[in-house]
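Enquirer: Got a structure for you, written out below as C-alpha cells; questions coming shortly.
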Amino acid sequence: MSHVLKVENLEVVYNDVVLVLKGLSLSAEQGKITALLGANGAGKSTTLKAISGLLETEDGEVTDGAILYDGKPIHGTHPEKIVRQGIFQVMEGRRIFEDLTVEENLRCGAYTRPRSEFSGDMEKVYDYFPRLKERRKQLAGYMSGGEQQMLAIGRAVMAHPKLLLLDEPSLGLAPILVEEIFDIVQRINQQENCTVLLVEQNARAALSVASYGYIMENGRIVLDGKGSELLTNPDVQEFYLGMGAGGKKSYRDVKHYRRRKRWLG
Amino acid sequence: MEQYLQLIINGLVVGSIYSLVALGFVIIYKATKVVNFAQGELVMVGAYICFALTVQFQLPFLAAFLITLFFSIILGLCIERLALRPLIGEEGISVIMVTIALSSVLKSLVQLIWGHDLQVYPQMLPTEPIWIAGLPVAPVYIAALILSGLLFAVFTLFFKYSRVGIAMRATAYDQQAAQSMGISVKNIFAMSWCIACVVSSIGGLILGNINGIDPHLGHLGLAVFPAVILGGLDSLAGAALGGLLIGIIENVCDGAAMQLFDIGGFKEVAAFVVLVIILMVKPYGLFGTEEIERV
Ligand SMILES: Nc1ncnc2c1ncn2[C@@H]1O[C@H](COP(=O)(O)OP(=O)(O)OP(=O)(O)O)[C@@H](O)[C@H]1O
Ligand SMILES: [Mg+2]
C-alpha cells in the first residue's frame, strides 16, 4: 500500500511563540479516506493548513519535521503552487464567496484548470449536488448552511484534487444532512479517485466512512487504527462517541476523563 | 433654465471622469483594503505622459493613447511591487502614509520634468459644438462621455465574466479562501493597481483634452473622495453613480451660488456638504455593502 501523504514529526509554531503541533505524524493511503479526529483546539485545522501551505497566511511556521507528498517534501511551497500540484483544502466554516453566485464560486474552484474542462466539470458537480444546479445563478450568501457546504465541496471537485483535505464538513449541519454529505464524500473519493484526509468533530460519522483514523490531542497523535477498530475501541467510545458505560456522565467520569486525557496525551 | 441644463451637462462630463478615477480607487480598496491617497496623482501622471507623447514627441493621438496605457500598467506594477508589497500585513496607517508619500513623489516628479505652468493638448476634435436638444455641446465632451461609458461597460463585463475578474472579486471577499483555490493574491493585488492606473490615466488624458493640465490636476483626488464615499467604498456601480452625482452637484451648486448669492468657488465645498447629508441618512453610502444577512 502506498501513501500519497506522509507527515513526519511535524512541529508548527504560530507568531514565533505558540507551539501548536508537537511532533505530529500521520499518513494518508492512496485512494482511501483517512480521518483525523480530536477535541477543539487540538490542532487539526493547523495540520491541514500546514499541508496546504495556508499556514503562511496566518503567521504560522513549520519549525520541524517533514511533509511528503508523493514522496517529495512540499513544505515551504506557496499555497497556490500546492493547489496546482493537486492538494485542495476545503477550509473550516465553508468560506464560500457570499457575494458571488454559485456558478462564480465554482469558477474560482476551477481557477487552476484549463477553461475547456469547465462546463463538463460543472455538470459533474451538479450531478453530485443537484441542489446547487437549481441555485446556480443565486448569490451564494443566500443559501442554507448545508447548501453552502455542498458548494464548498463542489468547488474542490472543480479543481481535480488528488488529495482532498476536508475540514469539518459536518459543522453545524442537521444529522440527516451530515449523512448525505458523507455519502457524497465517499462517492467523490471513489469516482474522482482522490485521497481524502477528513478532519471531524463528528467522530462516528467520520469513522464510519474512513478506512483509517487518527486521534489527536494537544498537537500529537494519541491513538490510531483502522476506522472500524477505532469505532469499537472503548476509549474512543467513551471520549469521542459519548458512549460512557454508565449513561450520563458524572463528575467522577469527568475526573476520570481528565486522568485518561493526561495519560493519552 | 437653459443655463442649468448646460451646467448639468458639464457636470455629467466632469462626473464621468470622476467615475473613472473613483473606479480605480474602489478597485484598489476592494481588493487590497488600501485607501489610496495618490489616486489623483495617478490621473496627473497619465495626463502628463500623454501630453509629452503628443506634444513633445509629436506622436499621433492613438499611438500616444496606447503608449500611455502601457506605461500606466508598468507604473501600476512598479508601485505595487516596490511600495505596497513590502507592507502587506502592516497596519493600515503605515500603508496610508505610503500612499500619501507616493502622491508627493509623483507630484514633485511631474513638476520637476514639466514645470508648473498650464499646458494644453493639441486640438484633436473639431471645436464646432454639436447641438443636442437646443444646447451646444463641445464634441470633446461627447467623446469623454462615450469613452468613460465604454470603459465602464468593459470593466463590468470583465468582473462578471472573465476568470481573473471573478478571482478579483473572490479575493476581495476572502483572501485566504481565494488563496486556497490557487488564486495568487499577490498577482491580484498587482492587477488591481494596474487597472487603477489605467483608468486614472484615461481620466487624466480626457481631462487634459478638455481643460489642459497643470500639477494641480492631482487635486482631482479630493473630489473623488466624496464620490466613492457617496457610492459606498466597495461598490463599482456606486463609484460610477457617485462620480456622476458629484460632478453634477458641484456644477449646479456652483452655478446656483454664483447666480443667487454671487459667491464664487462653491464647487469644492458643495460635494462635501451633500456628502455629509447623505451619509447621515445612509452611513454605508448608496451602494456600500455591510454584509449579506442570511434569512
Ligand atoms: N492563526 C493563529 N494564530 C495563533 N494561534 C492559532 C492560530 N490558529 C490556531 N491557533 C491556535 O492553535 C491551536 C490549534 O488550533 P486549530 O485551529 O488547529 O484547532 P482545531 O483542532 O482545528 O480546533 P477546532 O476543532 O476547534 O477547529 C489553538 O489553541 C488555537 O488557538
Ligand atoms: Mg479546526
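Enquirer: Kindly check whether there is at least one residue in the stretch A:26-35 that is more than 14 Å from every other protein chain (Cβ to nearest Cβ), open to solvent by less than 10 Å² (accessible area, probe 1.4 Å) and either assigned to a loop (DSSP other than H, G, I, E, B) or within 16 Å of ligand 2 (Cβ to nearest atom) (or both).
Expert: Yes; the residues of the stretch A:26-35 include at least one that is more than 14 Å from every other protein chain (Cβ to nearest Cβ), open to solvent by less than 10 Å² (accessible area, probe 1.4 Å) and either assigned to a loop (DSSP other than H, G, I, E, B) or within 16 Å of ligand 2 (Cβ to nearest atom) (or both).
Enquirer: Let me ask you something else. Right, A:Val178: away from ligand 2 (no atom under 16 Å from the Cβ) and open to solvent by less than 40 Å² (accessible area, probe 1.4 Å) or not?
Expert: Yes, satisfied.
Enquirer: Residue by residue through the stretch B:180-225, note down the ones that are within 14 Å of chain A (Cβ to nearest Cβ), polar (S, T, N, Q) and crowded, with 24+ Cβ neighbours inside 10 Å.
Expert: B:Ser180
Enquirer: Suppose the filter is in contact with a Pro (Cβ under 9 Å, 6 or more places away or on another chain) and of a type in the set (Asp, Glu); does A:Glu168 pass it?
Expert: no
Enquirer: Here is a check on your reading of the model: is B:Thr99 of a type outside the set (A, V, I, L, M) and open to solvent by 50 Å² or more (accessible area, probe 1.4 Å)?
Expert: Answer is no for this residue.
Enquirer: Could you name every one of the helices (runs of 4 or more DSSP H) located completely within the stretch B:162-259 that has at least 2 residues being at pLDDT below 90?
Expert: Those helices (runs of 4 or more DSSP H) span B:185-211, B:220-231.
Enquirer: Residues to consider are B:Val13, B:Val26, B:Val21; find the one that is open to solvent by less than 10 Å² (accessible area, probe 1.4 Å), closer than 17 Å to B:Thr68 by Cβ and touching a helix residue (DSSP H, G or I) at 6+ places or on another chain (Cβ under 6 Å).
Expert: Only one candidate qualifies: B:Val21.
Enquirer: Any idea which of (1) touching a strand residue (DSSP E or B) at 6+ places or on another chain (Cβ under 9 Å); (2) open to solvent by 10 Å² or more (accessible area, probe 1.4 Å); (3) not in a helix (DSSP H, G or I) is the one A:Leu197 doesn't satisfy?
Expert: Of everything listed in (1) touching a strand residue (DSSP E or B) at 6+ places or on another chain (Cβ under 9 Å); (2) open to solvent by 10 Å² or more (accessible area, probe 1.4 Å); (3) not in a helix (DSSP H, G or I), A:Leu197 misses just condition (2).
Enquirer: Somewhere in the stretch B:121-135, is a residue under 30 Å from B:Lys30 (Cβ atoms) and of a type in the set (Ser, Thr, Tyr)?
Expert: No, because not a single residue in the stretch B:121-135 is under 30 Å from B:Lys30 (Cβ atoms) and of a type in the set (Ser, Thr, Tyr).
The values are calculated or read from the model by the stated rules, or taken from the named source; none is laboratory data. Note that the coordinates shown come from a computational prediction; the quantities given were computed from them, not determined experimentally. Quick reminder, even Gly has a Cβ in these numbers, built from the backbone with ideal geometry, and neighbours come from all protein chains shown. Remember, those area values only see protein heavy atoms, side chains included, never the ligands or the DNA or RNA. Shrake-Rupley method; radii C 1.70, N 1.55, O 1.52, S 1.80 Å.
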